[in-house]
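Asker: Pasting in a structure now, in structure tokens, and then I'll have a few things to ask.
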Amino acid sequence: MTNSGRTGSRGALALVPRSVEAARPTIWFCGHCGKRPSAAGPPASNARVCDSCGLGLLLETVADGAPERGGAFLVLDRSLSVCAVSHGAETLLATTETDAVNHHVTELLVPADSESQSGSNLAAAVSSATRGGEEPLSVFVRPANLFGVRMRARIVQCGPPQAALLTFDNPGG
Amino acid sequence: MRYLKTSEAAALLNVSPNTLRAWERRFGFPKPQRSPGRHRLFTHGEVASLRDALQEGLSISSAVSRAREGLATDTNSLTGALVSYESERADAAMESALALRSLERSVEEVLLPSLEEIVRRHTIDSAAWAFAAHWAADWLRRAKRLAPPPVRPVSIVLGDASRDELDPDAPFIRALELFSVRAGANMLSLSVRGVAGIGDAIAVHRPNLVVIAGGHVGDDAVARWAYAVRIAAGAMPVAVYRRGPQRVRMRSTGTSVLPSSASEAQRRLLELVETDQGGRVTRVTMESPYGIQTGRRTASM
């Protein structure tokens, strides 16, 4: 019995561990400018500083969840603390990474989909990602203390160490 | 304290010097001091702490934050214990530091900075410093007793010119002794005040090198001691350690001035001995200010 020919669709019976079956392509990107490193493969553990901007560490995430270069995104840990703020997110949220790091994400963002009775979506999505959840999740958020704005964000896992990547979709749109 | 130039710090962090300067502007860390020539001098502890934090970090900011906390925790813990006169808590703080660092790094990055902080805050006339200096001398002596036996054919006589254990240089001198012993050298420490019978000590120890450490005892007394050593042992290299700022630019070509960092001084000492033993330096007959001829030793060791 073989798995050949089943790529792209999940079989009803899994004969191999799910992690192997569900292995998805990943890419590395800078946690500040979003640039993908030119070198293929994972960087050495002592060489994770972005050689382009020098202000971010290289992180790995699934290819379809990676931010664009210059994109607006945050990196959050399992306690929902902000660990990294991209240059684009600094502009979008009118903050700086040094001010935001180690603060709870709700000091920057709050859920904006309370009408759908899913006010905890943001926390749940971040928790899921930091536990290794593989599927990208979408949430609607707004900057804290700012009303009338609603932004869609995708949340996927990233690392190392394991964390959640929150990327704003078309923040200028 | 051990210092790194920008290029050295950048190499340790595996980044370019420009990136390091960008971090200094953006994060204020690692924060360099300036040399007399206005060059940046980074403390090894800060750079090493940041290097470790970067390997487990999600951003430079979070790594900087963690490095700051990590550095401050052990030093603050030890400082707090010492100014509270709690020797058991001070021992525990050093145990905690040793869990994360080598003994040498723990001494250089935690113990000695804590003592410097206490001197800065309480002055050397305070009871807090008296307690801290005594505890530190005891801790360093205990660590030295636990060091493995000498494994190198290196024998060093250290002439202690510090005042007593309350001398702020004393912990650095004890640290140099400890590091040298742990590096495998045979070390004999004697006060420069004790001249009578020095020949017996030299005959037993047969040093390859003499270090004069500390700046409290005056030059005349030090010169008498050094002369007695020279009479007993013949010409040999001499180095000075923490002999005061006026000695940094000693005009003598024969006497080596060791770096103020204990670990760097220990490395330099071994280099001096090994260079001397290898005969890679030509004999220098000029006398040092302390009367010991420098150059390769003629006596068989």
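The values are calculated or read from the model by the stated rules, or taken from the named source; none is laboratory data. As the structure is a prediction and not an experimental result, all values here were calculated from the model. Because the Cβ atoms are built from the backbone with ideal geometry, glycine has one as well, and the counts that use them run over all protein chains shown.
Asker: It is to be established whether one or more residues within segment B:4-17 are surrounded by fewer than 19 Cβ atoms within 10 Å (Cβ to Cβ), in contact (Cβ under 8 Å) with a residue 12 or more places away in the chain, within 14 Å of chain A (Cβ to nearest Cβ) and among the charged types (D, E, K, R).
Answerer: no
Asker: Hey, residue B:109 hits all of (1) within 18 Å of the chain's Cα centre (by Cα); (2) modelled with pLDDT of 95 or more but one; which does it fall short on?
Answerer: (2)
Asker: Of all the residues that make up segment A:91-101, how many are in contact with a Ser or Thr (Cβ under 6 Å, 6 or more places away or on another chain) and either more than 11 Å from chain B (Cβ to nearest Cβ) or modelled with pLDDT of 95 or more (or both)?
Answerer: As a first pass, look at segment A:91-101 and keep what is in contact with a Ser or Thr (Cβ under 6 Å, 6 or more places away or on another chain): A:97-98, A:101.
Subset that is either more than 11 Å from chain B (Cβ to nearest Cβ) or modelled with pLDDT of 95 or more (or both): none.
Here the count works out to 0.
Asker: Would you point out the residue of segment B:44-79, among those that are over 30 Å from residue A:158 (Cα atoms) and without any contact (Cβ under 8 Å) to a residue 60 or more places away in the chain, that is nearest to the chain's Cα centre (by Cα)?
Answerer: Here the answer is B:75.
Asker: Please tell me if residue A:34 is within 14 Å of chain B (Cβ to nearest Cβ), under 15 Å from the mean Cα position of the chain (by Cα), closer than 18 Å to residue B:13 by Cα and not hydrophobic (A, V, I, L, M, F, W, C). I'd like the intermediate steps shown before the answer.
Answerer: Working: within 14 Å of chain B (Cβ to nearest Cβ): yes; under 15 Å from the mean Cα position of the chain (by Cα): yes; closer than 18 Å to residue B:13 by Cα: no; not hydrophobic (A, V, I, L, M, F, W, C): yes.
So residue A:34 does not fit the description; no.
Asker: Residue by residue through segment A:37-65, note down the ones that are without any contact (Cβ under 8 Å) to a residue 60 or more places away in the chain, of a type in the set (Gly, Ala, Ser) and more than 9 Å from chain B (Cβ to nearest Cβ). Talk me through it step by step, then tell me what you get.
Answerer: Residues of segment A:37-65 without any contact (Cβ under 8 Å) to a residue 60 or more places away in the chain: A:37-58, A:63.
If we keep only those that are of a type in the set (Gly, Ala, Ser) too, we end up with A:38-41, A:44-45, A:47, A:52, A:54, A:56, A:63.
Listed by number, the residues that qualify are A:38, A:39, A:40, A:41, A:52, A:63.
Asker: Within the bounds of segment B:141-162, is there any residue that is in a helix (DSSP H, G or I), touching an Asp or Glu at 6+ places or on another chain (Cβ under 8 Å) and either in contact (Cβ under 8 Å) with a residue 40 or more places away in the chain or farther than 23 Å from residue B:105 by Cα (or both)? Before the answer, list the steps.
Answerer: Restricting attention to segment B:141-162, the residues satisfying the condition of being in a helix (DSSP H, G or I) are B:141-145.
With touching an Asp or Glu at 6+ places or on another chain (Cβ under 8 Å) added as a condition, the list becomes B:144.
Subset that is either in contact (Cβ under 8 Å) with a residue 40 or more places away in the chain or farther than 23 Å from residue B:105 by Cα (or both): none.
Scanning segment B:141-162 turns up no residue that is in a helix (DSSP H, G or I), touching an Asp or Glu at 6+ places or on another chain (Cβ under 8 Å) and either in contact (Cβ under 8 Å) with a residue 40 or more places away in the chain or farther than 23 Å from residue B:105 by Cα (or both).
Asker: Restricting attention to segment A:145-164, and to residues there that are over 13 Å from the mean Cα position of the chain (by Cα) and in contact (Cβ under 8 Å) with a residue 24 or more places away in the chain, which single residue is nearest to the other protein chains (Cβ to nearest Cβ)?
Answerer: It comes out as A:151.
Asker: Pull out all pairs, ordered by first then second residue, where Cβ-Cβ is under 8 Å, the residues are six or more apart or on different chains, the first lies in segment B:97-122 and is under 18 Å from residue B:46 (Cβ atoms), and the second is at pLDDT 90 or above and charged (D, E, K, R).
Answerer: The qualifying pairs are B:104/B:182.
Asker: Further question: Taking segment B:90-105, which residues are among the polar types (S, T, N, Q) and touching a Ser or Thr at 6+ places or on another chain (Cβ under 9 Å)? Give the steps one after another, and end with the answer.
Answerer: Just the residues of segment B:90-105 that are among the polar types (S, T, N, Q), to begin with: B:96, B:102.
Correct list: B:96 only.
Asker: What is the residue count in segment B:25-40 for residues that are buried (at least 17 other Cβ atoms within 10 Å of the Cβ) and assigned to a helix (DSSP H, G or I)? Lay out the reasoning, then the answer.
Answerer: First pass over segment B:25-40, keeping only residues buried (at least 17 other Cβ atoms within 10 Å of the Cβ): B:27, B:29-30, B:32, B:40.
Subsequent filtering for residues that are assigned to a helix (DSSP H, G or I) retains B:27.
Residues meeting the conditions: 1.
Asker: Let me ask something else about it. Answer yes or no as to whether residue B:103 is surrounded by fewer than 23 Cβ atoms within 10 Å (Cβ to Cβ) and either within 15 Å of the chain's Cα centre (by Cα) or on the phi > 0 side of the Ramachandran plot (or both). Full working, then the answer.
Answerer: On the way: surrounded by fewer than 23 Cβ atoms within 10 Å (Cβ to Cβ): yes; either within 15 Å of the chain's Cα centre (by Cα) or on the phi > 0 side of the Ramachandran plot (or both): yes.
Yes, satisfied.
Asker: Further, regarding this structure: Identify the residue in segment B:19-49 that is out of contact with any Lys or Arg (no Cβ under 9 Å at 6 or more places or on another chain) and either over 20 Å from residue A:86 (Cα atoms) or more than 13 Å from chain A (Cβ to nearest Cβ) (or both) and, among all such residues, is modelled with the lowest pLDDT.
Answerer: Start the filter on segment B:19-49 by keeping residues that are out of contact with any Lys or Arg (no Cβ under 9 Å at 6 or more places or on another chain), which leaves B:19, B:22-23, B:25-28, B:30-31, B:36-38, B:47.
Going one step further and asking which of them are either over 20 Å from residue A:86 (Cα atoms) or more than 13 Å from chain A (Cβ to nearest Cβ) (or both), we end up with B:30-31, B:36-38, B:47.
On the way: B:30: 88, B:31: 81, B:36: 77, B:37: 82, B:38: 83, B:47: 89.
My answer is B:36.
Asker: Scan segment B:55-69 for residues that are touching a strand residue (DSSP E or B) at 6+ places or on another chain (Cβ under 9 Å) and more than 7 Å from chain A (Cβ to nearest Cβ) and jot them down.
Answerer: B:63
Asker: Still on this structure, I have one more. So for segment B:117-133 (the condition being within 30 Å of residue B:202 (Cα to Cα) and at pLDDT 95 or above), does at least one residue qualify? Quick ask: steps written out before the conclusion?
Answerer: Restricting attention to segment B:117-133, the residues satisfying the condition of being within 30 Å of residue B:202 (Cα to Cα) are B:133.
Pick out the ones that are also at pLDDT 95 or above and you get B:133.
Checking segment B:117-133: at least one residue is within 30 Å of residue B:202 (Cα to Cα) and at pLDDT 95 or above.
Residue-by-condition table, conditions (1) surrounded by fewer than 16 Cβ atoms within 10 Å (Cβ to Cβ); (2) at positive phi; (3) assigned to a loop (DSSP other than H, G, I, E, B):
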{"site": "B:134", "(1), (2), (3)": "yes, no, no"}
{"site": "B:138", "(1), (2), (3)": "yes, no, no"}
{"site": "B:167", "(1), (2), (3)": "no, no, yes"}
{"site": "B:187", "(1), (2), (3)": "no, no, no"}
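Residue-by-condition table, conditions (1) modelled with pLDDT under 90; (2) surrounded by fewer than 24 Cβ atoms within 10 Å (Cβ to Cβ); (3) in the same structural domain as residue B:264 (by TED's automatic domain parsing):
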site: B:154; (1), (2), (3): yes, yes, yes
site: B:181; (1), (2), (3): no, yes, yes
site: B:199; (1), (2), (3): yes, yes, yes
site: B:211; (1), (2), (3): no, no, yes
site: B:230; (1), (2), (3): yes, yes, yes
site: B:233; (1), (2), (3): yes, yes, yes
